[in-house]
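Contents: one structure, followed by commentary.
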Amino acid sequence: MGIAVTAEWTDLASISFASVSQESEVNQSRVPDQTDVARFEMAVLPHLTAAYNLARWLTGNDHDAEDVVQESYLRALKFFSGFRGGSSRPWLLTIVRNTCYTWMRRNRMEEPGLELDEELYVDSNSPSPEAILLAAARGDMVRRALEELPAEFREIVILREMEGLSYKEIAEVTAVPVGTVMSRLARARARLQKLLGEANPSEGRA
């Protein structure tokens, strides 16, 4: 299922060397040298749009997402010495995700959690989420449906369908087993199908 609703963000300069200077002022005990900064930016900068995209969908607000990404960037810089190589994308998105939830707990009432006892039945004759999403107006309808998902479902959809992470990478980012990732994704797709079918009943009857 591909979802072509991606928040774009290219304001990288505002959080690169300026942020390194800010971090250095806050934490004088560890001022990164130019080599550290170069390695860090090479690993992190290519994934800042993905970081913003995840933050935007979790916080639901452009300004808040920018604040979260700024804070995540500084945290990533602070803990870069602990990065052991491999793909930096899941590593950065893990920091962004954790920063998002910390930020939301600090600034908002807690979002509704998962309804673990909820049973979602999907009619085998009803259109698939893919068919509904392709038929739907690739914009507001999909956006509204995604925003209605619980954060735990929404993040899985964003990481899988928009950012293209593997189940294993999503499990690393969200700190849950791969089986849980697959279960949440299936439930999220079922709920999206239901929400989009309700929003566009003519498609559901097609």
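One residue alone among Glu172, Glu71 is in the same structural domain as Asp36 (by TED's automatic domain parsing), among the charged types (D, E, K, R) and at pLDDT 90 or above, and that residue is Glu71. Which of the residues that make up region 60-73 are surrounded by fewer than 21 Cβ atoms within 10 Å (Cβ to Cβ), touching a residue at least 12 places away in the same chain (Cβ under 8 Å) and over 10 Å from Ile95 (Cβ atoms)? Across region 60-73, the qualifying residues are Gly60, Asp62, Asp64, Glu66, Asp67, Gln70.
You will find that of Ile95, Ile3, the residue that is modelled with pLDDT of 90 or more and of a type in the set (Val, Ile, Thr) is Ile95 and no other.
The values are calculated or read from the model by the stated rules, or taken from the named source; none is laboratory data. All figures in this text were calculated on a predicted structure; none of them were measured in a lab. Ideal geometry is used to build each Cβ from the backbone, glycine not excepted, and the neighbour counts take in all protein chains shown.
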